[in-house]
Amino acid sequence: MQEVSTAPAEPQRRERKKRQTRDALVLAALRLFDAQGYEQTAVREITDAVDVSERTFFRYFASKEDLALSFARDATEALMRELAVRPAAEPPLIALRNAFRESLPTLAEGDRPQAGESMYLLVIRLIDSTPALLAAYLRYAHEHDDEIVRVLAAREGVDPETDLRPRIVAMVFGGLTFLANRDWRARGGGSVTSMLAAFDAFAEQLVPAVAGHWG
């Protein structure tokens, strides 16, 4: 009887274990930051909560700030993956809107609402309430707007250096996301569905807001 090889499954198991450890560190850190403050939380407290060593922490993150902003990186990567596969027939802002709708649920897959608040809400609140993190987040967002600009320009076959439209659309999308996040958080957060509803509410008013009088 031929023996079934388990070699391909082993790398998958290791990757799954690494992802679980990373997610556990992020969730533990966010809850500690929320409970006692970002500046007051030590790396050792985060690792103790997950029962791993500080050396393990630094395999995944360069610092507390790096961990706190990991959500922004994950969000950007998920958005860009979805934007890359949107149908070419979709206009740029529609493609971005649909990519956002597809990418956001993947970020919330690790949330466990029954164990407390949504990880998404914890991240938003942490960044908003920590000046150093807010500055770092805005810097990160500004630097990575260029990724969206390049993809939009390539989709439309225009030069991002001379055509202003890709950058305008990227800025509009960033503004809609900011407004939706703020409104969603002010209403107490909640599910991904409620976040997407907040985004849609602002997006649907974009044309009426800029195309004419409001009377």
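Give me a count of the residues in segment 187-201 that are of a type outside the set (S, T, Y) and farther than 20 Å from A141 by Cβ.
So the answer is 8.
Please list, ordered by first then second residue, the pairs with beta carbon atoms under 8 Å, 6 or more apart or interchain, first in segment 161-179 and free of Cβ contacts under 8 Å to residues at least 24 places away in the same chain and in the same structural domain as A201 (by TED's automatic domain parsing), second charged (D, E, K, R) and in a helix (DSSP H, G or I).
Hits for this filter: R167/D145.
Would you point out which residue out of D200, D163 is modelled with pLDDT of 90 or more, charged (D, E, K, R), in a loop (DSSP other than H, G, I, E, B) and surrounded by fewer than 16 Cβ atoms within 10 Å (Cβ to Cβ)?
Numbers: D200 fails: in a loop (DSSP other than H, G, I, E, B).
Only one candidate qualifies: D163.
Go through R81, R55, R59, R44 for me and flag whichever is over 30 Å from L138 (Cβ atoms), assigned to a helix (DSSP H, G or I), without any contact (Cβ under 8 Å) to a residue 60 or more places away in the chain and not polar (S, T, N, Q).
Unique residue meeting the criteria: R55.
Looking at (1) surrounded by 13 or more Cβ atoms within 10 Å (Cβ to Cβ); (2) assigned to a helix (DSSP H, G or I), can you tell me which one R14 breaks?
Here R14 clears every test but (1).
Residue check: is L138 in a helix (DSSP H, G or I), at pLDDT below 90, exposed (fewer than 14 other Cβ atoms within 10 Å of the Cβ) and of a type in the set (A, V, I, L, M, F, W, C)?
yes
Could you list, in sequence order, the residues of segment 46-89 that are surrounded by fewer than 13 Cβ atoms within 10 Å (Cβ to Cβ) and among the hydroxyl-bearing types (S, T, Y)?
S53, S63
The values are calculated or read from the model by the stated rules, or taken from the named source; none is laboratory data. Please read these numbers as outputs of a predicted model, since none were measured by experiment. Cβ coordinates were reconstructed from backbone atoms using ideal geometry, including for glycine residues, and neighbour counts include every protein chain displayed.
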